[in-house]
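The values are calculated or read from the model by the stated rules, or taken from the named source; none is laboratory data. On a predicted model such as this, the values are computed, not experimentally measured, just so you know. Here the Cβ is made from the backbone with ideal geometry for all residues, glycine too, and neighbour counts use every protein chain on show.
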Amino acid sequence: MSSPLVSCIVPVFNCEAYLAQSIESILAQAHRPLEIIVVDDGSTDGTPAVIRRFGDRVRGLRQANAGPAVARNTGLGVARGDFIAFNDSDDLWTPEKLAVQLALLDAKPELDFCVAHVQNFWVEEMQDEADRYRGHRRSEPIAGWVSPTLLARRAAFDRVGPMNAELGHGDSADWFLRAREAGLRGELLPDVLLRRRIHANNRSRKAAPQSRDEFLALLKRNKDRRKEVPSS
């Protein structure tokens, strides 16, 4: 494989405290070239100023607040890369993330995408919670079927479509389910390539009941769709 352009899309809403570190973890990638697209989902804090600090190394877009799925789709709409990747505004890629994933997709051209493992880490203010989870599975590497670990060929999105803009929390799970239905092939790498930051304002923490209900609903819809497919 030559050195393909990877479009890295970062949706952000009111995350001025952590956004710069997320972007820096992308800029620190061993792989080049990169296209970094940060989509500000109507932030009311200092997020726009953080984006401007990076100058022409980052393409900043702004939209009215519509949720992370819509922000990811906004980025997809302007992305020029042969490969698509995402990061969340509070998470960190390891420096070798893209290089490792591109090497896999180069060695296995039959794959449409790959994901990797995630390591949670707690901010200093959450040390008490970190101590409670020491030795728990939440403090161990976790299989990351989530958008920040995803590296996909652009053609995968042409086949599966963008993120489901109607979902506020489960758009990643929905995309992977649709990818399976469409016959796409993916692989989970054993490597930890994403560090997920645990803090007081995690979207999954603040809206846990809604997230759980949405995930259960999309699983039911997926099951119902599979029942509708006639057997051969």
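Quick grid of which residues meet (1) out of contact with any Leu (no Cβ under 9 Å at 6 or more places or on another chain); (2) closer than 19 Å to residue 67 by Cα; (3) at pLDDT 95 or above; (4) not hydroxyl-bearing (Ser, Thr, Tyr):
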{"position": "114", "(1), (2), (3), (4)": "no, no, yes, yes"}
{"position": "121", "(1), (2), (3), (4)": "no, no, no, yes"}
{"position": "124", "(1), (2), (3), (4)": "yes, no, no, yes"}
{"position": "128", "(1), (2), (3), (4)": "yes, no, no, yes"}
{"position": "162", "(1), (2), (3), (4)": "no, yes, yes, yes"}
{"position": "166", "(1), (2), (3), (4)": "yes, yes, no, yes"}
{"position": "170", "(1), (2), (3), (4)": "no, yes, no, yes"}
{"position": "183", "(1), (2), (3), (4)": "yes, no, yes, yes"}
{"position": "202", "(1), (2), (3), (4)": "yes, yes, no, yes"}
If you take just the strands (runs of 3 or more DSSP E) that sit entirely in the stretch 78-150, which of them hold at least 3 residues that are touching an Asp or Glu at 6+ places or on another chain (Cβ under 7 Å)? 113-122
Return the residues of the stretch 13-47 that are touching a Phe, Trp or Tyr at 6+ places or on another chain (Cβ under 9 Å) and touching a residue at least 60 places away in the same chain (Cβ under 8 Å); say none if nothing qualifies. 22, 25, 26, 28, 29
Can you tell me how many residues in the stretch 36-62 are of a type in the set (D, E, K, R), crowded, with 19+ Cβ neighbours inside 10 Å and not in a loop (DSSP other than H, G, I, E, B)? 1
Does the stretch 143-159 contain any residue that is closer than 21 Å to residue 19 by Cα, surrounded by fewer than 17 Cβ atoms within 10 Å (Cβ to Cβ) and in contact (Cβ under 8 Å) with a residue 60 or more places away in the chain? no
Provide a single number: the residues in the stretch 130-150 that are at pLDDT below 85 and of a type in the set (Lys, Arg). 2
Return the residue satisfying two criteria in turn: it lies in the stretch 111-138 and is buried (at least 17 other Cβ atoms within 10 Å of the Cβ) and of a type outside the set (A, V, I, L, M), and of such residues it is farthest from residue 73 (Cα to Cα). 122
Which ones in the stretch 35-62 are over 16 Å from residue 22 (Cα atoms) and in contact with an Asp or Glu (Cβ under 6 Å, 6 or more places away or on another chain)? 45, 62
Only one of 137, 196, 178, 132 that is of a type outside the set (Gly, Ala, Ser) and in contact with a strand residue (DSSP E or B) (Cβ under 9 Å, 6 or more places away or on another chain): 196
Residue hits (the stretch 142-165; within 19 Å of residue 36 (Cα to Cα) and in contact with a Lys or Arg (Cβ under 6 Å, 6 or more places away or on another chain)) are 163
Does residue 22 meet the test of being modelled with pLDDT of 95 or more, in a helix (DSSP H, G or I) and either buried (at least 22 other Cβ atoms within 10 Å of the Cβ) or among the small types (Gly, Ala, Ser) (or both)? yes
